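Please treat every number below as a calculation from the coordinates, not as lab data. All figures in this text were calculated on a predicted structure; none of them were measured in a lab. Positions of Cβ are backbone-derived with ideal geometry, glycine not excepted, and every protein chain shown enters the neighbour counts.
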Amino acid sequence: MHRIRFAFAIVMIAAVAAPAAAQRYTATQAGDVVELSDATAQMNVSVVWTMSNAWRVQVKGHDLVRASATLADFETRPGLNGIPFLAPFANRLDETAFYANDKKYNFDLELGNVRGPIPSTGFVNGSRAWQLVEAKADQKSAWVTCRLDFYKIPAFMKQFPFAHTVTMTYRVADGTLEVHTKIENLSADAMPVVIGFHPIFELPDGNRDDWTVSLDAKTHWIEIPQRLPTGETQPIESFFGSERTAIQLKKYGLIDDVFTDLVRDASGRATMRLMYNGKELDEIIGPKYKTVLAWSTPVPTGPGGGGGRGGGGRGQAPGGPPPTPSGPFPVDPAQGVKVAPAAAPRPAGAPAPATKGFIAFEPMAAITNALNLAHRGVYRDLQSIPPGGSWEESFWITTKGY
């Protein structure tokens, strides 16, 4: 009898352990990091939940987005590594103020979280005020959900006085990372939505001079060199001088431009694609992301990293004396750049590229400077959340050929 019971116990232990050993999806927490894993697709996403930022996105051990050298580096100075959340406004404004509901809101430059004369990328990226809601896995996916109570942070509310919460879920399923964002408006006024994300992509193979890009967009917004839209638009083919589905990055210098009128599939999604040698990385964006900003700098030669951005650059560190407040930045349509700049030829005998290069497909709810352009009647697709209402949307990252 004892032998029968022992044998039965062994069978039961094996029956319980086998499914666990074969589990495809896992969500493992270690301190501030939740590791999401899809064992079958060999996709691993490391989310620093205190910042709600996926600092590493890997497929078969290859990084798909620019990552800091170490986790400690990332937590100390995240910059534009991982998948930064650009909020409460994405990209640039043409003055140290914004308009909403026909009212002007001036930034307090002494706080240090907004700087002029061209404020850039909002001020939420790098915040450690996110709360962990849950980190779980089941037979269909692995996910981690984080929430930011924006309204509880005085320095945030001083600059953008719309009480709201942001709930973000990173989910791995079927070899795809979904980034889902929900914003709930707790204020008594309608809240404009001009958020975005800043994933900087690179393929494991080749470099920028080898890669081809496909953009599901029809319209290019003409910008002045300070990367502010003039209000004029043109077909995307007029800007690149080639088919939008076969843009060879090696032909172009700095690209830092906004595109709209996205080409959608039956579910309302548009795809931005990075390709090389039969392999690709796709970013698929949902219908409430009305805009994509494409940013890529030429591959540098010799030691050092990639190029930076023009006026009002990204990732500005707070601190130091505040700049003198400015009025509206003069946007002269005559200065608009209508043709993508050609790449400068590589000097004879120049060393091999020091880095792979990159391209960012930035999903945005609205174009650059949308708040102020909407106030002037130039931009008509501004979204807003009614009091007590919410806004939510996703974008997805996946690969083929790996």
Once the Cβ-Cβ distance between Lys279 and Ala188 is put in as r, and R0 is 51 Å, what FRET efficiency do you end up with, to the nearest 0.05? 0.50
With unit charges on the beta carbon (Lys/Arg positive, Asp/Glu negative), name the residue among Pro199, Phe160, Val133 whose Cα is farthest towards the positive pole of the charge dipole of the chain. Val133
Residues of type lysines that Lys400 reaches as a straight line, Cα spacing below 19 Å, ignoring anything fewer than 8 places off in the same chain: Lys60, Lys279
Could you tell me what fraction of 2.2 N^0.38 Å the Cα radius of gyration of segment 25-400 comes to, as a two-decimal ratio? 0.95
In the structure shown, do any of Lys250/Lys356; Lys251/Lys356; Lys104/Lys158; Lys136/Lys290; Lys158/Lys290; Lys104/Lys182 have a Cα-Cα gap over 19 Å, and if so which? Lys136/Lys290; Lys158/Lys290; Lys104/Lys182
Rounded to the nearest 10 degrees, what's the angle between the helix 2-21 long axis and the longest principal axis of the chain, both from Cα atoms, 0 to 90? 10 degrees
Spelling out what I want: for every residue of segment 89-97, take phi, set θ = phi - 60°, compute 6.51 cos²θ - 1.76 cosθ + 1.60 (Karplus), and round to whole Hz; glycine and proline get x. 9, 9, 6, 9, 10, 8, 7, 7, 6
Using the Cα centre of the chain as origin and beta-carbon charges of +1 (Lys, Arg) and -1 (Asp, Glu), tell me which of Trp221, Pro328, Phe85 is placed farthest towards the positive end of the dipole. Phe85
Would you kindly derive the ³J(HN,Hα) couplings of segment 193-202 from the backbone phi angles with the Karplus curve 6.51 cos²θ - 1.76 cosθ + 1.60 (θ = phi - 60°), listing them in order in whole Hz, with x for Gly and Pro? 10, 9, 7, x, 10, 9, x, 9, 9, 8
For a quick check, take a GNM of the chain with Cα springs below 10 Å and name the residue from Ala354, Ala270, Ala67 with the largest mean-square fluctuation. Ala354
For the chain, what is the calculated [θ] at 222 nm in deg cm²/dmol (nearest 500), taking -39500 (n - 2.57) for each run of four or more DSSP H residues and dividing by its residue count? -3000 deg cm²/dmol
Per principal axis, largest first, the Cα atoms of segment 146-222 extend in Å by 50, 37, 23
